[in-house]
1. Taking 37 °C and 0.692 mPa s as the conditions, I'd like the Stokes-Einstein D for segment 5-102 in µm²/s, using the Kirkwood hydrodynamic radius from alpha carbon pairs.
2. Do the alpha carbons of any pairs in K59/K97; K60/K97; K16/K75; K16/K49; K60/K82; K60/K98 sit beyond 28 Å of each other, and which pairs?
3. Rounded to the nearest 20 debye, what is the charge dipole size of segment 5-102 about its Cα centre when +1 sits on each Lys and Arg Cβ and -1 on each Asp and Glu Cβ?
Amino acid sequence: MKLWYDIEAMELMIRKRNGNLEPYDAEKIVRVTTAAGLRPIDASELAEKVTRWIELQAKKNPQVTSIQIRDKVFKELEKVNKYASGLYAWYQNLKDKKYTARD
């Protein structure tokens with residue numbers, strides 16, 4: 001079984017919807033949750049929480065997907081800011097429609 005870590009850099013790799021692997025970037029979570037209405041400090045804390053969750057998930061199942069991360073971000077957003085979670089869900093739904101239209 002292949003682990004989804006880049007051994008040299010020990011970078012956590014995420015499986016995207018198109019099947020590609022991409023290095024995990026917590027700043028993406030900070031940017032999107034800030035855009036949804038979280039204060040930057042709250043967005044950073046949420047990104048740290050999600051990062052810890054991803055690291056735990058990668059130990060159990062090395063193939064962490066962008067969809068799993070998206071769902072975790074939404075669940076964490078719901079706990080801290082219902083308005084931001086609604087905007088985040090709307091944005092993700094819009095992205096899903098664009099992604100589906102490409103197929």
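Every read-out reported here was derived from the displayed coordinates using simple, explicitly stated rules and does not represent laboratory data. Note that the coordinates shown come from a computational prediction; the quantities given were computed from them, not determined experimentally. Every residue, glycine as well, gets a Cβ built from its backbone with ideal geometry; the counts of neighbours run over all protein chains shown.
1. Working: Rh = 14.0 Å.
Once the numbers are plugged in, D ends up at 235 µm²/s.
2. Working: K59/K97 32 Å; K60/K97 31 Å; K16/K75 19 Å; K16/K49 20 Å; K60/K82 30 Å; K60/K98 32 Å.
From the list (K59/K97; K60/K97; K16/K75; K16/K49; K60/K82; K60/K98), the Cα-Cα distance tops 28 Å for K59/K97; K60/K97; K60/K82; K60/K98.
3. About 540 debye.
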